There are 2 protein chains.
Amino acid sequence: MLNPVSDAFKSELQAALPGTAFREVTEAYLTEPRGRYHGRAGLIVAPETVEEVALVVRAANRHHVPVVPYGGGTGLVGGQVAPDLPDPVLLSMARMARVREVLAAENVLIAEGGAILAEVQAAAEAEDRLFPLSYGSEGSARIGAALAVNSGGLNVLRYGSARDLCLGIEAVLPTGEILHGLKRLRKDNTGYDLRHLLIGSEGTLGIITAAALKLSPRPAETGTALIEVASPEAALEVLQRARGLCNETLSAFELISGQGPRFVAEAGVPARLVLEPVPDWMVLIEVGTAADGAPGEVLERLYGGALEDGLVGDGVIARSEAQRAEIWRLREAIPEANRIIGSVASHDVSLPLGVIAEFMEGAEAALAIFGDVRINAFGHLGDGNLHYNVFPAAGKRREDYDGLRQAVTETVHDLVVGMGGSFSAEHGIGRMKVGELERYGDPAKLATMRAIKTALDPNGILNPGAVLRLEDG
Amino acid sequence: MLNPVSDAFKSELQAALPGTAFREVTEAYLTEPRGRYHGRAGLIVAPETVEEVALVVRAANRHHVPVVPYGGGTGLVGGQVAPDLPDPVLLSMARMARVREVLAAENVLIAEGGAILAEVQAAAEAEDRLFPLSYGSEGSARIGAALAVNSGGLNVLRYGSARDLCLGIEAVLPTGEILHGLKRLRKDNTGYDLRHLLIGSEGTLGIITAAALKLSPRPAETGTALIEVASPEAALEVLQRARGLCNETLSAFELISGQGPRFVAEAGVPARLVLEPVPDWMVLIEVGTAADGAPGEVLERLYGGALEDGLVGDGVIARSEAQRAEIWRLREAIPEANRIIGSVASHDVSLPLGVIAEFMEGAEAALAIFGDVRINAFGHLGDGNLHYNVFPAAGKRREDYDGLRQAVTETVHDLVVGMGGSFSAEHGIGRMKVGELERYGDPAKLATMRAIKTALDPNGILNPGAVLRLEDG
């Protein structure tokens, strides 16, 4: 049984924390990027230290007040806004935003949970190192939340997801105890890996207040290409060859459907289309090497061989930083165009690499029953991760399909899960996909998750209703 | 309250499983490599399918009979033998040893939990792929157990530990339920990561019956060098430079103390010493590149620069496969020699890279109070992981130090943990380091581990006494 923030609870916190810790409840805290949820808040508090976070959580646990951890507010599945709870306390990480230390010789960076992702990247770069986690919202996303949702993005192929970039964490557990695990060790086999349990738990098992992060050397030379491919299947063959030629120096391998650049043009998003006429399928390939790695030559060789074998057509290998930026600008413009066009339904799926081409054909055929739709499939092919988005036919609006959204999503997700894929590759469950997790999740996994949640958070105060359904009572 | 295997329990299993599933209780099952523990067994059963594993665990859970999972029997911390339990059922994975599938195009291999590590490597190699997990006992170690203890070895620097090589698992939970998580996805953010929780839990939260494993392209060219370094500090500087030059193509960076080769000679282990006279400190460096990567030239450049700066002395860069084998042979001979010489105490520690040199000095000074000892420190410097082993002075025997073992270990571990390191980098806790985990572990971590264990294994039947102390009652 959860209680809303009460005057007694407020007074208790106000007596214990400085006035600067409290924030006005504004709209910005209650909305999320896709506009599907509108949250509630009885109090917004932004602690400055892990002890203050622990104090808030302990009080909430005593009063059975729900705590919704709040990072950059950029999550896409409603994990950060709770419409259906007794007025919760929003715990903002905005005042724990420091990069504490860059240990360049160790390739380690220590950041507080509220540190902005772009600032973490910049702090690494200032010491000639790379923090490779990178995605669209990096200017607002906070590292503790990025870990909480195990975010992915553009460089996962080479460097892994957020969890792979984390050596240790400090966190506040649902009882308000502090987990001291801010180790900067590459190897540490001392008991259950609570770091990996908290990472990806979306703030339901703990609040990550600091993290030790893995840095990498910055590639000395970077090669980038945008190449027409004959089909998704040909793209997979080119991926194979690229892995063989480049191995770990392959940093990105993105599939782009022709629908993407066509939407960019239709929506008037400023970006060059690079390849014209726009091919039906393209791949964006990036290779980053040490000095003398000659990534441009590697891309030439890859392209030449694939051209001979009829796998690829038109192509551009960047000859300058400006050309390289142009190619990436096109990739980044696609989600912007998508938002303007307005999707019927969007899907963040992953599949075993071997069945992706088959999935593409199957999904298109299955979606035919919904009449005229446009499909924009793009994403991180190297990771088997596609953003498979369904749009209104030309001249129609998303509202024309309102009754169909659920059925479209079920069609796509049924097919994905049936082929051994995932209905949430990198965005998480949040509040949006709780039903999907129940529908598609392994029953033993769900039962185990519930048992862990109950054991660690007996009063159910931490981000209730995210990942696991809020139970009645 | 646990019960020993009873006649009723035996009869129940014998009625449900074919006769071929039962194994005679022999000494081999009750001993472990270091001879510290002698286990007990009321019954040894080797199921052939996940359903049979589940059947055994369900029966054990009903009868409150302890289950000790048994892989290759190679663990170094007593996780596989239980001297202090009511006669348990030993659950051998020897009959679930198949490599089910190699999906070369996906860089994925599916193996049963009992598959021998060397056979997994061979199956990958047969398809021109690399399964990089590699260590001394790979001819006996089984992959499910390797995951259960998150084993490390020689290639962690480049490819990660066992957990980093695993995409999905199938497992039997302590209640006998089957966790179906054999996914072969690079990205899957759908709920708590139970895979990472079970990996490293040393068979106390589940029995891993199958795994989807990540393969890599095999390096086309390999360069190997053994180089004298001025000091551990100089070794770290060379590591830095190697990372800058080679980045991810650096496969191994091993520190070798001169004591190692000297022990090899003293113990008469067949191996060339490679560098003579034996330097006080050496590093073994291996670089594996794609075709045209010229790893030999990279090593020449690294060596030349470091020589100019006085960081390194004598050195050999392998000019042939035979020379390469000779260098690795020396590395492998060191643990063999250690076993013959007989250590007073051995330690599998890790440290932040930045404090390793300081640790070496501090440990030698602190151990001086135990009088004349010889220290052989070697291991995976690139991972910050040292096998820091203390030996009798020349002419003395390990028995002469019997009363000191505990104090020596405490001295080393106190120093390691005080410097932010780990007292078990890659071997795990097992039964040997339960006390250390209680002494050095974060109290919130321990409490959380106990809560998880109780929630998932309410009768406490799965590998009781490993990782967490067996509770009375």
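Report the charge-dipole magnitude of chain A in Debye, nearest 20, computed about the Cα centre from +1 at each Lys and Arg Cβ and -1 at each Asp and Glu Cβ.
It comes to approximately 1000 debye.
Can you run phi through the Karplus equation (6.51, -1.76, 1.60; θ = phi - 60°) for the stretch B:21-38 and list ³J(HN,Hα) in whole Hz, with x for Gly and Pro?
7, 9, 10, 5, 6, 10, 3, 3, 7, 9, 10, 9, x, 9, x, 8, 10, 10
In angstroms, what radius of gyration and Dmax does the stretch B:144-273 have, counting Cα atoms only?
Radius of gyration, then largest Cα-Cα span, for the stretch B:144-273: 19.6, 56 Å.
Suppose you put the label 7 Å out from Cα in the Cβ direction; list, shortest first and in nm with one decimal, how far residue B:265 is from each other copy's label.
Label-point distances to the other copies, shortest first: 7.6 nm.
How far, in degrees from 0 to 90, does helix B:321-341 lean away from the longest principal axis of the Cα atoms of chain B, to the nearest 10?
Roughly 60 degrees, rounded to the nearest 10.
For the stretch A:193-334, with only Lys/Arg (+1) and Asp/Glu (-1) charged at the beta-carbon, what is the dipole magnitude about the Cα centre, in debye rounded to 20?
The dipole of the stretch A:193-334 has a size of about 480 debye.
What do you get for trypsin sites (Lys or Arg not before Pro) in the stretch A:262-307 restricted to DSSP loop and a cutoff of at most 15 other Cβ within 10 Å of the site's Cβ?
A:272
If each Cα of the protein assembly as shown is one equal point scatterer, what is log10 of I(q)/I(0) from the Debye formula at q = 0.05, 0.09 Å⁻¹?
-0.29, -1.00
Can you flag which of A:10/B:445; A:187/B:453; A:445/B:453 are past 26 Å Cα-Cα?
From A:10/B:445; A:187/B:453; A:445/B:453, over 26 Å: A:10/B:445.
In the stretch A:1-83, which trypsin sites (Lys or Arg not before Pro) fall in coil by DSSP and have 14 or fewer other Cβ atoms within 10 Å?
Loop-located and lightly packed - A:34.
Nm distances between the label at residue B:372 and the same-position labels in the remaining copies, 7 Å along Cα→Cβ, shortest first?
In ascending order, 9.5 nm.
Just the number, please: percent antiparallel of the DSSP beta bridges in the protein assembly as shown, rounded to the nearest 5.
85
Given an 8 Å cut-off on Cα distances and at least 6 residues of separation, report the relative contact order of chain A as a percent.
Reported as a whole number, the value is 16 percent.
Of B:70, A:147, A:185, which is farthest towards the positive pole of the protein assembly as shown's charge dipole, taken about the Cα centre with +1 and -1 on the beta-carbons of Lys, Arg and Asp, Glu respectively?
The Cα lying farthest towards the positive end belongs to B:70.
On average, how much accessible surface per residue is there in the stretch B:201-358, in Å², for a 1.4 Å probe, leaving out ligands, DNA and RNA?
Details: 5450 Å² over 158 residues.
Accessible area per residue: 34 Å².
Can you list the distances in nanometres, one decimal and ascending, from the residue B:470 label point to the identical position in each other copy, with the point 7 Å along Cα to Cβ?
Those separations, rounded to one decimal, come out as 4.6 nm.
Rolling a 1.4 angstrom probe over the protein chains, ignoring ligands and nucleic acids, what is the accessible area of residue B:328 in square angstrom, nearest 10?
30
Mind grabbing the interface size between B and A? I mean buried accessible area, both sides, 1.4 Å probe, in Å² to the nearest hundred.
Rounded to the nearest hundred, the buried surface is 6300 Å².
Just going by the charge dipole of the stretch A:227-362, with Lys and Arg at +1 and Asp and Glu at -1 on Cβ, which of A:230, A:283, A:242 is farthest out on the positive end?
So the residue furthest toward the plus end is A:283.
Tell me, what is the per residue accessible area of the stretch A:1-148 in Å², probe radius 1.4 Å?
39
Over the stretch B:161-237, consider all pairs of different Cα atoms and compute the Kirkwood hydrodynamic radius from their mean reciprocal separation; express it in Å, one decimal. Present the calculation step by step, with values, prior to reporting the outcome.
Working: mean 1/r = 0.0647 Å⁻¹.
Value: 15.5 Å, from the Cα pair sum.
Got a sec? Charge dipole of the protein assembly as shown, +1 on Cβ for Lys and Arg, -1 for Asp and Glu; which of B:451, A:90, A:197 is way out at the positive end?
B:451
Below 8 Å, C-alpha to C-alpha, sequence gap of six or more: please give me the relative contact order for the stretch A:378-473 in percent.
19
Could you check how much of the accessible area of the protein assembly as shown is carbon and sulfur, as a whole percent, using a 1.4 Å probe?
Numbers: 16370 of 33600 Å².
Here it works out to 49 percent.
From the C-alpha coordinates alone, can you work out the Kirkwood hydrodynamic radius of the stretch B:227-353, in Å?
For the stretch B:227-353, inverting the mean 1/r across all distinct Cα pairs yields 15.4 Å.
What whole number of Å gives the distance from the Cα centroid of the stretch A:306-327 to the Cα centroid of the stretch A:1-80?
Cα centroid to Cα centroid, the span is 48 Å.
Do any chymotrypsin sites (Phe, Trp or Tyr not before Pro) in the stretch A:125-192 lie in a loop, going by DSSP, with at most 13 other beta-carbon atoms within 10 Å of their beta carbon, and if so which?
none
Which net charge results for the neighbourhood of residue A:43, defined as the other residues with beta-carbon distances under 12 angstrom from its beta-carbon, given Lys and Arg at +1 and Asp and Glu at -1?
Overall, the nearby charge balance is -1.
To the nearest 10 degrees, how steeply does helix A:50-63 sit against the main Cα axis of chain A, on a 0 to 90 scale?
Roughly 60 degrees, rounded to the nearest 10.
How charged is the neighbourhood of residue B:450? Take every other residue with its Cβ under 12 Å from the Cβ of residue B:450, and add Lys/Arg as +1 and Asp/Glu as -1. Before the final figure, lay out each step's value.
Values: positive: B:445, B:453, B:469; negative: B:438, B:457, B:471.
Around residue B:450, the charge tally is 0.
For the stretch B:134-229, what relative contact order do you get, as a whole percent, if you take Cα pairs closer than 8 Å and at least 6 residues apart?
It comes to 33 percent, rounded to a whole number.
Rounded to the nearest 20 Debye, what is the dipole magnitude of the stretch A:277-336 about its Cα centre when Lys and Arg each give +1 and Asp and Glu each give -1 at the C-beta?
The calculated dipole for the stretch A:277-336 is roughly 120 debye.
The values are calculated or read from the model by the stated rules, or taken from the named source; none is laboratory data. Quick caveat, the model's predicted, so the values are computed rather than measured. Here the Cβ is made from the backbone with ideal geometry for all residues, glycine too, and neighbour counts use every protein chain on show. Keep in mind that these areas ignore ligands, DNA and RNA; they rest on the heavy atoms of the full protein, side chains included. Shrake-Rupley method; radii C 1.70, N 1.55, O 1.52, S 1.80 Å.
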